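J.: Have a look at the structure that comes next, please.
The values are calculated or read from the model by the stated rules, or taken from the named source; none is laboratory data. Every value quoted in this text rests on a predicted model; they were computed, and no experiment measured them. As a convention, Cβ positions derive from the backbone with ideal geometry for all residues, glycine included, and neighbour counts pool all protein chains shown.
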Amino acid sequence: MTAFLPGATLPAGRATLSAIDPPPMIVLFTDFGIDDPYVGQMKASLLRHGKRSVPIVDLLHRVPDFAQRAGAHLLAALQQSFDPGTVFLAVVDPGVGGDRPAVVVEADGRIFVGPDNGLLAVVAARAGALRVWRIVWRPDSLSASFHGRDLFAPLAARIAAGEWPAAALEERHGLECVLPAADLPEVIYIDHYGNAMTGIRAERLPCENALVFGAARIAHARVFAEAAPGQPFWYANSIGLVEIAVARGSAAATLQLAVGSAVAFAL
C-alpha cells in the first residue's frame, strides 16, 4: 500500500480532533455480524493506520443486513449520546464495488466515514451544521468487496488521530443519496429479546395514543414493570425511539414483527 496522502489540520473554524477533551474515539456501526472475520480485519486496519491509543467502540454489528434506510434511522438515534469529535466508521454497503460514492460527513461536530448510499443520510438531514467530502484517495491495494477495511478504516483512523487528510477528500455540497429528516414509521431493529425498535422518535407522542400494527392496537406503558407478563406495549426506549415490547416475552414472535413492518399511531 502506498503511504497515506499528506494530511493537514482540520478545516478552519474547528479545533483539531486531537485537541478535543475528551479525546476522540472510533465507533463501529456495521452489518458484519460478530461470527465472521470482517470486524477483526477492519479493527486491524484501524490500528495499522492510526494511533493505537484511540479507543475503538463496537456500537453495533447487527444492523439489519443490507438495510441502509433502517440503519440510517438507527444510527441517527444512537449517535446523539456521543461527544463531538467522535469518529463513526459506518458500513452497511451492499453496493460495494459499484458506483456509489465513498464519503466523510461532519454533522454537528461528529465525523462519519462510510458509503453514500443512504446510511448517513438521516444524520445529515437532521444536522444543524453539515459538511460533506467525497473520498478521492485510493490505496494501491483495494479489495473490490471490502472497502470497510481498505478504504474507510484508514481514513477514519487518521482522522481520529488528529490528521485531516485534505488531499484524500473533495468537498461537496451534500450527499448524493438523500433521505428526509422525518421519522420512519417502520420497525428498524429487533434485539435478541424480540423487542422491536421503530424509526419513530417518541418525544412528542402523547402516551394516550395507541400504536397500530395490522389489527393489533398496542397501548403505552412507561416501563416493563408496568405491563403484565405477556402483554404487548410500546414505550420510549433509552435512545428516544418508540419500541414495541412484550413483558417477559418476545414482541417479534408474539406480533409477527420484522424489520420493515409498518406501524402507525391512532387515538
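J.: Looking at this structure, is Ser261 of a type in the set (Ser, Thr, Tyr), closer than 24 Å to Leu78 by Cβ, at pLDDT 95 or above and surrounded by fewer than 18 Cβ atoms within 10 Å (Cβ to Cβ)?
T.: no
J.: For the stretch 97-185, please list each of the strands (runs of 3 or more DSSP E) lying entirely inside it that holds at least 2 residues being at pLDDT 95 or above, touching a Leu at 6+ places or on another chain (Cβ under 9 Å) and among the aliphatic types (A, V, I, L, M).
T.: Passing ranges, in order: 102-107, 110-115, 130-135.
J.: Now a separate question. Can you pull out the residues in the stretch 194-218 that are touching a strand residue (DSSP E or B) at 6+ places or on another chain (Cβ under 6 Å) and of a type in the set (Gly, Ala, Ser)?
T.: Ala196, Gly199, Ala202, Ala210
J.: Filtering the stretch 109-150 down to residues that are among the acidic types (Asp, Glu) and either over 18 Å from Val92 (Cβ atoms) or in contact with a helix residue (DSSP H, G or I) (Cβ under 9 Å, 6 or more places away or on another chain) (or both), which residue is surrounded by the fewest Cβ atoms within 10 Å (Cβ to Cβ)?
T.: Asp140
J.: Another question about this same structure. Go through Pro84, Pro101 for me and flag whichever is in contact with a strand residue (DSSP E or B) (Cβ under 7 Å, 6 or more places away or on another chain) and farther than 20 Å from Leu151 by Cβ.
T.: Going through Pro84, Pro101 in turn, the sole match is Pro84.
J.: Let me ask another. From Leu267, Leu255, Leu211, which residue is at pLDDT below 95 and over 22 Å from the mean Cα position of the chain (by Cα)?
T.: None of the other options fit; the residue is Leu267.
J.: Of all residues in the stretch 186-232 being among the basic types (Lys, Arg) and in a strand (DSSP E or B), which is nearest to Val123 (Cα to Cα)?
T.: Ranking the candidates gives Arg201 first.
J.: Residue by residue through the stretch 240-267, note down the ones that are closer than 15 Å to Leu184 by Cα and either assigned to a loop (DSSP other than H, G, I, E, B) or among the hydrophobic types (A, V, I, L, M, F, W, C) (or both).
T.: Across the stretch 240-267, the qualifying residues are Gly240, Leu241, Val242, Ile244, Ala258, Val259, Gly260, Ser261, Ala262, Val263, Ala264, Phe265.
J.: Have a look at Arg14, Arg62 and point out the one that is out of contact with any Ser or Thr (no Cβ under 6 Å at 6 or more places or on another chain), modelled with pLDDT of 95 or more, surrounded by fewer than 18 Cβ atoms within 10 Å (Cβ to Cβ) and in a loop (DSSP other than H, G, I, E, B).
T.: Sole residue among the options that is out of contact with any Ser or Thr (no Cβ under 6 Å at 6 or more places or on another chain), modelled with pLDDT of 95 or more, surrounded by fewer than 18 Cβ atoms within 10 Å (Cβ to Cβ) and in a loop (DSSP other than H, G, I, E, B): Arg62.
J.: On the given criteria, is Ala70 part of a helix (DSSP H, G or I) and under 13 Å from the mean Cα position of the chain (by Cα)?
T.: yes
J.: Any residue at all in the stretch 181-195 that is in contact (Cβ under 8 Å) with a residue 60 or more places away in the chain, surrounded by 16 or more Cβ atoms within 10 Å (Cβ to Cβ), over 28 Å from Phe88 (Cα atoms) and out of contact with any His (no Cβ under 8 Å at 6 or more places or on another chain)?
T.: Within the stretch 181-195, not a single residue is in contact (Cβ under 8 Å) with a residue 60 or more places away in the chain, surrounded by 16 or more Cβ atoms within 10 Å (Cβ to Cβ), over 28 Å from Phe88 (Cα atoms) and out of contact with any His (no Cβ under 8 Å at 6 or more places or on another chain).
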